[in-house]
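S.K.: Dropping a structure here in structure tokens format, bear with me for questions.
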């Protein structure tokens, strides 16, 4: 049975104690409260999955308390307990969000069954919230494809670590498929029946990222009109993937380290601590050792993340996978199920291209080529981007090659390629150097700088 946390609220202390003993024997985590005020206090202090609530309490009306508890913990499922005289009120309470009601006296076995069903509804509700969060950052997640020696090693490491709860750090350039590796680990893990929650640290401002991770209480800051469940809480019992962890702000790193080590965190503006059971997977395209030296990344967090590393090779280092990937993307993007094929020249061009944007760039190129080829079954070189021609100095047959209709010498071709990669990297010279496979110093030298 899952770890289900139940709160019994009833002023008949003997009945509440009987419920507690019975449910505890069945494996539930049970707390009790005899008044509405003590129930509110408990829910503010710790998370519960299900509340069994007597409709008549000495200090507050049960329906009113239902509304209060729902404001504090929106995903809390509440089962009303009622005498025959107040059945109509219990039915009315379901309009305010109660899961169900039971008439007193009720069988303990019946109560256990209803609690389990209420918990299942709560889990489903949380999964739906996850889906809504994920829809805001939809990306293409394709089958994890690769038969090269390098990718077989990646697959071996995934299989090796999947069954454990060891934190994993996935390294790789932009577009190599780091999130796909994380999803593969989750799919092979015992947590696969639960949520996979992903967030990208580089796409959110620090304050927004903090509220997304930890959630917040109503009134925690200007504009916080309702409680918000954080992504950490939504990932409970599942897998939490943090992409581009190297871009996480230093202040959030300190808070996150505690959560990583203990599972404990606190929503913004909350006085109580919450605890989650989460498997963490991280990814970055940054050399975190350099970030630590520059004091942009905490050393203690780096050592914690560095437990188990999976490094994904760039596409240019596993060119044996290009035909397989290209064929898959042709199948994916061809409309109406029409099979398209690449001409020999087009496949040769794909195989010789440098792929600074890796698998993601290949997917974009194939999608564009499928559209340009229209009704034609064969993808030709003319359907591929002109920028692929002579993309990298290694492709030059002589000291001069044809590019964009002009004859350029090798030095200018190299410079033009560097400028394109810099643009792709958003002007970030360190990132551009990694994409090019050279050091930052060499990049400056080839740009004509002093390094």
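The values are calculated or read from the model by the stated rules, or taken from the named source; none is laboratory data. Computed from a predicted structure; not experimentally measured. Cβ: placed from backbone, ideal geometry, glycine included. Neighbour counts: every protein chain shown.
S.K.: Hey, any hits in segment 3-21 for a residue that's more than 19 Å from residue 106 (Cβ to Cβ), surrounded by fewer than 21 Cβ atoms within 10 Å (Cβ to Cβ) and modelled with pLDDT of 90 or more?
M.R.: So the first thing to find is which residues in segment 3-21 are more than 19 Å from residue 106 (Cβ to Cβ), and the list is 3, 5.
Remaining after also requiring surrounded by fewer than 21 Cβ atoms within 10 Å (Cβ to Cβ): 3, 5.
Add one more test, that the residue is modelled with pLDDT of 90 or more, and what stays is 5.
Among the residues of segment 3-21, at least one is more than 19 Å from residue 106 (Cβ to Cβ), surrounded by fewer than 21 Cβ atoms within 10 Å (Cβ to Cβ) and modelled with pLDDT of 90 or more, which makes the answer yes.
For (1) under 18 Å from residue 256 (Cβ atoms); (2) within 17 Å of the chain's Cα centre (by Cα), each residue gets a yes or a no:
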| site | (1), (2) |
| --- | --- |
| 151 | no, no |
| 161 | no, no |
| 175 | no, yes |
| 193 | no, yes |
| 198 | yes, yes |
| 203 | yes, yes |
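S.K.: What is the one condition in (1) at pLDDT below 90; (2) surrounded by 18 or more Cβ atoms within 10 Å (Cβ to Cβ); (3) over 23 Å from residue 180 (Cβ atoms) that residue 383 does not satisfy?
M.R.: Single failed check for residue 383: (1).
S.K.: Against the conditions (1) without any contact (Cβ under 8 Å) to a residue 40 or more places away in the chain; (2) more than 38 Å from the chain's Cα centre (by Cα), where does residue 11 fall short? Just the number, please.
M.R.: Unmet condition: (1).
S.K.: Further question: Quick check: is even one residue across segment 276-291 assigned to a helix (DSSP H, G or I), over 24 Å from residue 46 (Cβ atoms) and in contact with a helix residue (DSSP H, G or I) (Cβ under 7 Å, 6 or more places away or on another chain)?
M.R.: In the first step, residues of segment 276-291 are kept if they are assigned to a helix (DSSP H, G or I); the result is 288-291.
From what is left, the residues that are over 24 Å from residue 46 (Cβ atoms) are 288-291.
So of that shortlist, the ones also in contact with a helix residue (DSSP H, G or I) (Cβ under 7 Å, 6 or more places away or on another chain) come out as 288, 291.
Within segment 276-291, one or more residues are assigned to a helix (DSSP H, G or I), over 24 Å from residue 46 (Cβ atoms) and in contact with a helix residue (DSSP H, G or I) (Cβ under 7 Å, 6 or more places away or on another chain).
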